[in-house]
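What follows is a single structure, written as structure tokens, with notes after it.
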Amino acid sequence: MPPADPCARSDGGVRSVGGRENTRRIVARHREGGLSLLAGLFPRPFTLTEKILLFCLIGLLVCDVATTTYAVGMGIGYEGNPVMTGVTGCPPLHLLLKLAYAGVVVGLGGVADRYVPGAGVYCIGAACAFYVLPLVNNFWVIATCSPV
């Protein structure tokens with residue numbers, strides 16, 4: 001039997017110390033009724049920050065697909081990534097590929113979180129920061145170019 005963790009509560013949660021979530025435990029067990037689809041990827045339940053960043057990432061990806069589809073469809077822009085050029089013609093496939101990317105980011109965040117507690121938030125945050133750039137570019141192209 002592993003040694004008792006002084007930071008663990010009896011209900012399996014992590015207590016708060018000084019207003020911050022204590023993340024000294026590498027792996028927190030999910031309660032039987034609280035399993036999620038991502039329970040196997042992430043070693044513990046998502047924090048509020050991770051949930052917000054994940055929703056922001058998904059929102060950025062959906063907006064990227066929408067603005068790219070609009071710009072390419074109106075003839076005012078083009079897909080800059082040659083690998084994605086064929087995919088942008090089919091918006092559902094494009095969206096599915098982007099959501100798969102979000103799943104990979106969450107998976108990598110889960111792996112990082114197993115080695116360094118709290119590192120998963122940085123993986124999701126970096127992906128959000130990266131996807132702001134294509135979205136800003138798409139908005140710039142849509143705002144400055146008139147339809148041909």
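Remarks
- Members of segment 97-148 that are crowded, with 18+ Cβ neighbours inside 10 Å, without any contact (Cβ under 8 Å) to a residue 60 or more places away in the chain and over 17 Å from Glu50 (Cα atoms): Lys98
- Enumeration of residues in segment 72-90 that are assigned to a helix (DSSP H, G or I), crowded, with 16+ Cβ neighbours inside 10 Å and not hydroxyl-bearing (Ser, Thr, Tyr): Val72, Val87
- Leading residue by the ranking (farthest from the chain's Cα centre (by Cα)) among those in segment 72-85 that are of a type in the set (Gly, Ala, Ser) and within 12 Å of Asn138 (Cα to Cα): Gly77
- Single condition Thr69 does not satisfy, out of (1) surrounded by 15 or more Cβ atoms within 10 Å (Cβ to Cβ); (2) at pLDDT 85 or above; (3) within 20 Å of the chain's Cα centre (by Cα): (3)
- Failed item, numbered, when Gly86 is tested on (1) at pLDDT 90 or above; (2) over 22 Å from Cys128 (Cβ atoms): (1)
The values are calculated or read from the model by the stated rules, or taken from the named source; none is laboratory data. Since the structure is predicted, the reported quantities are computational estimates derived from the model, not experimental observations. Methodologically, a virtual Cβ is constructed for each residue, glycine included, from the backbone with ideal geometry; neighbour enumeration extends over all protein chains shown.
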